[in-house]
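Single-structure report; data block below.
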Amino acid sequence: MAELGVGIVGGGYMGKAHAVAMSAVGAVFNTTLRPRLEMICASSADSAERYRAAYGFSRCTADWQELVNDPRVDAVVIASPQEFHRAIAEAAFALGKPVFCEKPLGASIEDSRAMVAAAEASGVANMVGFNYIRTPASQYARRLISEGVIGDITWFRGEHTEDFLSDPQTPANWRTSGDANGTMGDLAPHMINAALALLGPIDRLIAEVETVHSNRPNGTVTNDDHGQMMCRFARGAMGQLYFSRIATGRKMGYAYEVTGTKGAIRFDQEDQNALWLYIADGPEATRGFTKILTGPAHPDYLPFCQGPGHGTGYQDQIIIEARDFLQAIETGQPIWPTFHDGMLVNQVIAAAMASSRDKTWKDVSAF
């Protein structure tokens, strides 16, 4: 076993998730590389020290450049606001250090392309954090589709819906300003990534994006509340996607339906340990969707639990990501989703924003 000094930029919600994952991944998956929590960076010296003590890091700093340049930091995890992603990644790649970056890859399509160029020039491991697609259920859905179990795919419906800003009296905050913090920058990337993972590239789309609650206590909203789009996948299937932070009642509405010529699949992240599968076979009277509870027979379940139906959780998705990142570093082979895969998600978002503005279909490849 070899140690790997890990530095995490950002100590909040996702910073904690990655710190816990790096602490646990060796025991869960018996990885050859064993992360060492070397340094954490936060916006102030006080918060950095608080996170250091809480998460078990050796050292802390309020300067991300100090973290990136430190010789005991071998790999960098970026869990900071999107506007800092590009500068941190480029600095780490220039030193030959692998980078794991939370989604979205960059604050803009231009940032994303620059980050892909830096990653490819460095030749080191790079990954983007799309954790939800790594549940055992969604990994299994991906396998069923790729193996042709439900036939040729004809239709896809996906949504990422939450309700944390559904109340118009919720005060304006950091989430209500800046495109990167709007629904298309914050929630849409996860479901677009799922669509690309399950069905492949999107050729063209038409979209509507809007702000519903423009004025809130303490300020004006300058980004989008929800968005929808119709699309056509390169494989020929039709698609429909919806994203919202004002979907009253929805807490983690990352859900999709896939229809094929031989069957169909349904999934909802609010019940993340179940996958619904329909196979068009046998007598009509006995046909119907079957609820499959995930267990040791499904991808990446057994390392967490030996009992079928006992379930995995949100943190486990991050641990699976950590395993994949370590494997990419160890083998020198790219593991999906790379920075390039993250850029493809941003490309779809750029096309959707342009479509909403111009009120017309857009070819995704033009962005």
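Rule-based calculations on the coordinates, nothing more; no lab input. Treat the numbers as computed from the prediction; the structure is a model and nothing was measured. Cβ sites come from the backbone with ideal geometry, for glycine too, and all protein chains shown count toward neighbours.
Below 11 angstrom from the Cβ of T338, what's the summed charge of the other residues (Lys, Arg +1; Asp, Glu -1)? Don't jump to the answer; show the numbers that get you there.
Values: positive: none; negative: E120, D324, D341.
Local net charge: -3.
Give the relative contact order (percent, whole number) for the chain; include only Cα pairs under 8 Å separated by 6+ residues. List each step's numbers first, then the result.
Numbers: 817 pairs, mean separation 69.1, N = 367.
Relative contact order, the chain: 19 percent.
With charges set only on the Cβ (+1 for Lys and Arg, -1 for Asp and Glu), what does the dipole of the chain come to about its Cα centre, in debye to the nearest 20?
On the way: 31 positive and 41 negative charges, 87 e Å.
Dipole size: approximately 420 debye.
A117 versus D271, label points 7 Å from Cα toward the beta carbon: distance in nm?
Between A117 and D271, the label points sit 4.8 nm apart.
Quick one: how many lysine pairs in the chain have C-alpha atoms under 30 angstrom apart, if they're 8 or more apart or on different chains?
Values: K16/K97; K16/K103; K16/K251; K103/K251; K103/K359; K103/K362; K251/K291; K262/K291.
Total qualifying Lys-Lys pairs in the chain comes to 8.
Given +1 on the Cβ of Lys and Arg, -1 on the Cβ of Asp and Glu, and no further charges, what dipole in debye does the range 2-132 carry about its Cα centre, rounded to the nearest 20?
Details: 11 positive and 14 negative charges, 78 e Å.
Dipole size: approximately 380 debye.
Can you tell me the FRET efficiency between S43 and Q315 if r is taken as the Cβ-Cβ distance and R0 is 30 Å, rounded to the nearest 0.05?
On the way: r = 24 Å, r/R0 = 0.79.
Taking R0 as 30 Å, the efficiency between S43 and Q315 is 0.80.
How far, in nm, would the chain grow between Q65 and A2 when pulled straight, counting 0.36 nm per residue and subtracting the alpha carbon separation? Present the calculation step by step, with values, prior to reporting the outcome.
Details: separation 63, 0.36 × 63 = 22.68 nm, distance 2.52 nm.
Stretched out fully, the Q65 to A2 stretch lengthens by 20.2 nm.
In terms of the Cα gyration tensor, with a ≥ b ≥ c the square roots of its eigenvalues, is the range 30-102 rounded because a/c is under 1.5, prolate because a/b exceeds b/c, or oblate?
Details: a/c = 1.63, a/b = 1.06, b/c = 1.54.
Oblate is the answer for the range 30-102, as a/c is 1.5 or above yet b/c matches or exceeds a/b.
How do E110, E284 rank when sorted from fewest to most other Cβ atoms within 10 Å of their own Cβ?
Values: E110 12, E284 7.
By the 10 Å Cβ count, ascending: E284, E110.
List, in order, the whole-Hz ³J(HN,Hα) value for each residue of the range 346-357 obtained from phi through the Karplus relation with A = 6.51, B = -1.76, C = 1.60 and θ = phi - 60°; use x for Gly and Pro.
Calculated HN-Hα couplings, in order: 4, 5, 5, 5, 4, 5, 5, 5, 5, 4, 5, 5 Hz.
Placing +1 on the Cβ of each Lys and Arg and -1 on the Cβ of each Asp and Glu in the range 2-132, which of W64, N131, G7 has its Cα farthest towards the positive end of the resulting dipole?
Working it through, the farthest residue towards the positive pole turns out to be N131.
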